[in-house]
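The values are calculated or read from the model by the stated rules, or taken from the named source; none is laboratory data. All of these numbers come straight from a predicted model, not from anything done at the bench. Cβ coordinates were reconstructed from backbone atoms using ideal geometry, including for glycine residues, and neighbour counts include every protein chain displayed. Accessible surface areas use protein heavy atoms only, side chains included; no ligands, DNA or RNA. Shrake-Rupley method; radii C 1.70, N 1.55, O 1.52, S 1.80 Å.
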Amino acid sequence: MSAQSFDIFCRVVDNFGDIGVCWRLARQLAQPPYLSKVRLWVDDLHSFTRIERQIDPHAPQQTVDAVDIMHWTPSTTQLKPHSVVIEAFACDPPAAFVDAMVRENSLWINLEYLSAESWVESCHAVPSMQANGLRKYFFFPGFTPATGGLLREPGLLARRDQWLSKPAHRFELLHALGVPPNQLQRLQQGARQAFLFCYPNAPALGLLDSLKQQTTPSVLIVPAGVYPELLNEQSEHVYVHEIPFVNQTTFDQLLWSSDLNFVRGEDSLVRALWAGKPLVWQIYAQEEDAHMIKLQAWLERSPYSGQVRDLMAGWNRGGRTEFALQMNTALRPENWKTWQADSAKWSKKLSEYPDLAYTLAGFCAQQHRSG
């Protein structure tokens with residue numbers, strides 16, 4: 001695949017989701033086999049530092065992991081656009097930059113939000129010719145070969161399996177994140193490890209209620225500040241451990257090593273799918289419950305049982321008592337075993353489709369060849 005260069009524009013909307021997707025995409029395009037020149041424009045470097053400690057939040061320009069990172073401000077110095085300009089989630093590049101794109105005949109990609117809805121396939125890679133002559137295309141990530149696919153680095157699942165083949169890795173990671181020795185011992189003896197990353201309206205207390213009723217004790221790992229009330233509700237049977245926000249590599253490893261993952265938004269969902277473990281997804285809420293339609297479309301593409309689908313809906317509706325009962329049902333041994341098998345199967349199936357960076361780079365190369 002021929003070398004290309006990319007500008008990626010990102011506005012940080014919900015703190016981590018947008019920049020999480022853009023940072024993964026930028027790094028992947030800058031690494032083999034693409035080795036592209038990549039410039040990532042970000043309006044909120046302070047939020048960026050929460051998931052990438054190498055970032056200097058005060059630097060107007062810096063290079064990390066072969067990606068040139070620009071602090072996107074109204075006074076940002078004008079630079080020559082790259083051959084492909086990606087606006088992530090309709091964030092609108094500056095007008096002066098768009099004018100420069102016309103002079104360079106840059107290819108303009110509107111990278112859309114992830115959706116499992118059927119209409120996405122008919123809108124993916126559709127052109128929108130601009131009055132200024134630029135070629136602009138809508139590019140949809142998705143769950144089928146007729147979309148742009150999901151972000152997945154080369155060899156990701158093999159690295160996951162290799163990491164999991166050495167249990168010591170898991171406990172070294174948890175030790176580094178401050179999990180107490182007595183809780184590490186419980187995990188080594190078969191306690192359940194769960195990871196929780198949710199929005200404030202999630203029925204997380206209902207999750208705790210359910211875990212307290214299980215025969216197996218649990219260690220619940222939560223990023224600091226995500227749901228602080230849980231610390232007051234933990235018990236001898238369910239230990240809640242807060243951790244600092246971690247980089248994306250460590251985040252993936254936490255998902256790989258947990259028995260059950262609760263995730264929110266787009267980037268975390270995809271990473272939990274690659275973990276191949278049971279997951280519960282909290283979708284970003286929209287007006288008039290439009291997000292529930294998107295959730296249902298995703299569930300209909302999944303192999304999950306009706307019980308798990310009800311559980312997902314309950315998690316997104318926010319009812320504590322209802323969710324606790326649904327969680328109890330999902331954790332029954334026969335249901336849990338099915339959920340585990342379905343999760344591993346779907347992860348494997350999705351990994352057989354082309355990944356987002358591959359389809360995006362290929363599409364852009366084709367458009368450049370055709371003029």
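Going by the structure shown, is Ile86 in contact (Cβ under 8 Å) with a residue 24 or more places away in the chain, open to solvent by less than 30 Å² (accessible area, probe 1.4 Å), out of contact with any Cys (no Cβ under 9 Å at 6 or more places or on another chain) and among the aliphatic types (A, V, I, L, M)? When the stated conditions are applied, Ile86 does not pass them. Taking the conditions exactly as written (hydroxyl-bearing (Ser, Thr, Tyr), open to solvent by 10 Å² or more (accessible area, probe 1.4 Å) and under 19 Å from Pro181 (Cβ atoms)), does Tyr239 satisfy them or not? For Tyr239, the condition - hydroxyl-bearing (Ser, Thr, Tyr), open to solvent by 10 Å² or more (accessible area, probe 1.4 Å) and under 19 Å from Pro181 (Cβ atoms) - is met. Take the stretch 313-371 and flag every residue that is hydroxyl-bearing (Ser, Thr, Tyr), closer than 30 Å to Val38 by Cβ and open to solvent by less than 70 Å² (accessible area, probe 1.4 Å). Ser347, Ser351, Tyr353, Thr359, listed by residue number. Residues in the stretch 230-263 that are among the acidic types (Asp, Glu) and at pLDDT 95 or above were compared, and the one that is nearest to Gln188 (Cα to Cα) is Asp259.
With the structure loaded, tell me whether Leu174 is over 30 Å from Leu295 (Cβ atoms) and modelled with pLDDT under 95 or whether it fails that test. No: the conditions fail for Leu174. Only one entry in Leu273, Leu295 is open to solvent by less than 20 Å² (accessible area, probe 1.4 Å), over 12 Å from the mean Cα position of the chain (by Cα) and either at pLDDT 95 or above or farther than 19 Å from Phe323 by Cβ (or both), namely Leu295.
Pairs are defined by a Cβ separation below 8 Å, a sequence spacing of at least 6 or placement on different chains, a first member in the stretch 154-179 that is open to solvent by less than 40 Å² (accessible area, probe 1.4 Å), and a second member that is among the basic types (Lys, Arg) and in a helix (DSSP H, G or I); the pairs so defined are Leu157/Lys348. A single member of Ala96, Ala59, Ala66 is hydrophobic (A, V, I, L, M, F, W, C), at pLDDT below 95 and open to solvent by 10 Å² or more (accessible area, probe 1.4 Å), and it is Ala96. Filter the stretch 215-255 for residues that are under 14 Å from the mean Cα position of the chain (by Cα) and either closer than 23 Å to Val308 by Cβ or part of a helix (DSSP H, G or I) (or both) and give the result. Listed by number, the residues that qualify are Gln248, Thr249, Thr250, Phe251, Asp252, Gln253, Leu254, Leu255.
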